[in-house]
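Trainee: Below is one structure. I have some questions about it.
The values are calculated or read from the model by the stated rules, or taken from the named source; none is laboratory data. Quick caveat: nothing in here was measured; it's all calculated off a predicted structure. Neighbour counts are summed over all protein chains in view; Cβ atoms, including those assigned to glycine, are modelled from backbone coordinates with ideal geometry.
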Amino acid sequence: MNPPDKPLLKPLSPQDWESLIEDFQQGGPRHHKWTAPDLLQSLIDQAFTSLLKKDFLLKLPLLLFLEEFSETFFTHETHLNRLLESLRAVIQSPLDGVTISYYLKEQFMVSTTSIFVTVNALEKFHARFIEGLVELLVLVINRPNHSMDRQTRAIACECLRELEKCWPCLLSNIGGHLWSLCQNERSHACQSYLLLFTSVVFNIVNTKLNVSILNTSVPLVPFNVPQWVLSGGDENGIGM
């Protein structure tokens, strides 16, 4: 009987991650020694495992590392799926003030959004991944006037606005719900809600999209990418 295959990488300690991140940032041979496909797969598996460990203290640097080298790491649907599942786990985790904080949740949302935009997720991968990300962000903002997480909700609005900027009219079907949230929000986060809503309105008007800005007949979740976004504006609804 053949011995079992050895893992490509031993479990990486925080010190190992610091050294690896430095190798990537240095470029050249130090970077390329990590870029074999099987090795990259092992790295990303360990990265997501580490991000969800309570005792792992380099969550923020590791998130920023994955964001910086997103085009290297996120080349397959399974990678985006792991990213979304990790984001979901962090968003849904209760705060403990140490391993799970509002700041970690906020940075996780920002980094995930940045990765999706950088890798052009809607064009290169199935729409369900963008739909999953929008749903997670919408669930965060859909609790107006909850004072404790107002900054986190504002960040989620900014992430949604970035997605709407990248793919105009992505959120056009939920404009009415966004307007209702704007009306109900009384904290400083209201500014982010309003900026998100006005971005959606601008894109609807700018593309001459034939939808009602205040329509709420389409549910907030589950979210579906509008057909006219998937078709690049060639379907009924966008006038040129």
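Trainee: In the stretch 173-202, which residue that is assigned to a helix (DSSP H, G or I), over 19 Å from the mean Cα position of the chain (by Cα) and among the small types (G, A, S) is nearest to I141 (Cα to Cα)?
Mentor: Per the stated criteria, the residue is S180.
Trainee: Of all residues being farther than 19 Å from S199 by Cβ and part of a loop (DSSP other than H, G, I, E, B) in the stretch 230-240, which is modelled with the highest pLDDT? Just the residue, please.
Mentor: Our first condition is that a residue be farther than 19 Å from S199 by Cβ; within the stretch 230-240, this holds for 230-232, 234-236, 239-240.
Then keep just the ones that are part of a loop (DSSP other than H, G, I, E, B); that gives 231-232, 234-236, 239-240.
Numbers: S231: 86, G232: 77, D234: 55, E235: 50, N236: 47, G239: 45, M240: 36.
Taking the candidates together, the pick is S231.
Trainee: Among all residue pairs at least 6 apart or on different chains, which show Cβ distances below 7 Å where the first residue, located in the stretch 212-229, is assigned to a helix (DSSP H, G or I) and the second is modelled with pLDDT under 90?
Mentor: If the second residue must be modelled with pLDDT under 90, the pairs left are Q227/E235; W228/E235; W228/G237; W228/I238.
Trainee: Can you find, within the stretch 8-20, the residue that is nearest to the chain's Cα centre (by Cα) among those that are in contact (Cβ under 8 Å) with a residue 24 or more places away in the chain and closer than 13 Å to Q46 by Cβ? I'd like the intermediate steps shown before the answer.
Mentor: First pass over the stretch 8-20, keeping only residues in contact (Cβ under 8 Å) with a residue 24 or more places away in the chain: 8-9, 11-12, 14, 17-18.
After this cut, where a residue has to be closer than 13 Å to Q46 by Cβ as well, the list is 8-9, 11-12, 14, 17.
On the way: L8: 28, L9: 27, P11: 26, L12: 25, P14: 24, W17: 23 Å.
Ranking the qualifying residues of the stretch 8-20, first place goes to W17.
Trainee: Which one of R143, R128 is assigned to a helix (DSSP H, G or I), of a type in the set (K, R), free of Cβ contacts under 8 Å to residues at least 12 places away in the same chain and closer than 20 Å to T112 by Cβ? Steps first, answer last, please.
Mentor: Working: R143 fails: assigned to a helix (DSSP H, G or I).
Testing whether each residue is assigned to a helix (DSSP H, G or I), of a type in the set (K, R), free of Cβ contacts under 8 Å to residues at least 12 places away in the same chain and closer than 20 Å to T112 by Cβ leaves just R128.
Trainee: So which pairs qualify, if the first residue must be in the stretch 188-208 and under 14 Å from S172 (Cα atoms), the second must be at pLDDT 95 or above and of a type in the set (G, A, S), the Cβ gap must be under 6 Å, and the two must be at least 6 apart or on different chains?
Mentor: Here the result reads V200/G175; I204/S172, each pair linking the stretch 188-208 to a residue that is at pLDDT 95 or above and of a type in the set (G, A, S).
Trainee: Filter the stretch 85-104 down to residues that are in contact with a Ser or Thr (Cβ under 6 Å, 6 or more places away or on another chain) and either under 15 Å from K53 (Cβ atoms) or not hydroxyl-bearing (S, T, Y) (or both), then give me how many there are.
Mentor: Total satisfying the criteria: 2.
Trainee: Same structure again: For the stretch 70-105, name all the residues that are closer than 16 Å to Q41 by Cα and buried (at least 20 other Cβ atoms within 10 Å of the Cβ).
Mentor: Of everything in the stretch 70-105, those that are closer than 16 Å to Q41 by Cα and buried (at least 20 other Cβ atoms within 10 Å of the Cβ) turn out to be S70, F73, F74, H79, L80, L83.
Trainee: Scan the stretch 22-40 and give yes if some residue there is free of Cβ contacts under 8 Å to residues at least 12 places away in the same chain, closer than 30 Å to D149 by Cβ and not in a loop (DSSP other than H, G, I, E, B), otherwise no.
Mentor: The answer is no, given that none of the residues of the stretch 22-40 is free of Cβ contacts under 8 Å to residues at least 12 places away in the same chain, closer than 30 Å to D149 by Cβ and not in a loop (DSSP other than H, G, I, E, B).
Trainee: Same structure again: Output the number of residues of the stretch 146-183 satisfying the condition of being buried (at least 23 other Cβ atoms within 10 Å of the Cβ) and free of Cβ contacts under 8 Å to residues at least 24 places away in the same chain.
Mentor: Qualifying residue count, the stretch 146-183: 1.
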